[in-house]
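Every read-out reported here was derived from the displayed coordinates using simple, explicitly stated rules and does not represent laboratory data. What you see is a predicted model; the values in this text were computed from it and never measured. Reconstructed Cβ throughout: ideal geometry from the backbone, glycine too, with neighbour counts over all protein chains shown.
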Amino acid sequence: MRKFYWALFIVGIAIIPICCYAILNTIVSLKYETENPGDCISLTSGVDLCQTILYLKLIISVCIVGILLSIYQLALKKETA
């Protein structure tokens, strides 16, 4: 079970920078692929860019919770061992 929490920790740490880069990329798309500042739908692809940013923020939040859970479980296992 200890390997699972290490894997969860490593995957969470790896996914966060990728999602941050994706958010920055989507913000650039939001700036150049929409006509009005309040628009969220891309004129080139038709994708809702605001929803994409929201999903990426949700993924980052889940990763942070997973990292905290794995740190807690690894510390708890260390105390009992």
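Dimensions of the chain along the principal axes, based on C-alpha atoms and rounded to the nearest Å, stand at 60, 16, 15, largest first.
Cβ-Cβ distance of CYS20 and ILE41, R₀ of 22 Å, FRET efficiency by 1/(1 + (r/R0)^6): the value works out to about 0.40. The protection proxy used here, the mean number of other Cβ atoms lying within 10 Å of each residue, ranks peptides 44-52, 56-64 as follows, highest first: 56-64, 44-52.
Taking each residue as 0.36 nm, the span from THR80 to ASP48 lengthens on full extension beyond its C-alpha to C-alpha distance by 6.7 nm.
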